[in-house]
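What follows is a set of notes on a single structure, which appears directly below.
Please treat every number below as a calculation from the coordinates, not as lab data. Here the structure is a predicted model, which is why all the values come from computation and not from measurement. For neighbour counting, all protein chains shown are included, and Cβ atoms are generated from backbone atoms with ideal geometry for every residue, glycine included.
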Amino acid sequence: MLLPGPLPVRWFPIVNGKSVNIPSYSVRKGDKISVASGFSKKNIFKKLSPVLKKHNSPSWLQFNAEKLEGKVVGLPNLEEAAPPAELSSIFEFYSK
């Protein structure tokens with residue numbers, strides 16, 4: 001999916017009401033993820049909302065495109081992840 005213009009450099013998501021600046025931050029079931037109110041008013045996020053309304057979220061995420069927020073409602077499963085290769089082949093390759 002192409003984004004309508006460059007993303008702000010200093011943008012951090014809000015997880016459960018707190019700003020998160022750790023790229024590898026792990027979310028858990030029940031966590032709420034949103035865009036800070038100051039950033040949601042920026043032009044990039046206003047243009048992004050109509051694009052996101054057409055996007056189908058995985059079953060383990062609830063997403064509100066108008067509010068630019070989501071909630072983790074479950075855990076991803078292997079079928080939804082659709083890995084690009086057979087996992088057993090990957091394990092076999094790296095076990096040698």
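A few points about this structure:
- To the nearest ten degrees, helix 43-53 and the longest principal axis of the Cα atoms of the chain are 50 degrees apart.
- If you wrap the range 14-95 in the convex hull of its Cα atoms and look at it from every side, the mean projected area works out to 7.2 nm².
- Net charge dipole, the range 14-95: roughly 800 debye, given to the nearest 20, about the Cα centre with Cβ charges of +1 for Lys and Arg and -1 for Asp and Glu.
- Gain in span if fully extended, LYS67 to SER37, counting 0.36 nm per residue against the direct Cα distance: 9.8 nm
- Length-normalised contact order of the chain in % [C-alpha pairs under 8 Å, at least 6 apart]: 24
- Reachable aspartates and glutamates from LYS71, criterion Cα separation under 12 angstrom, eight or more residues apart if same chain: ASP31
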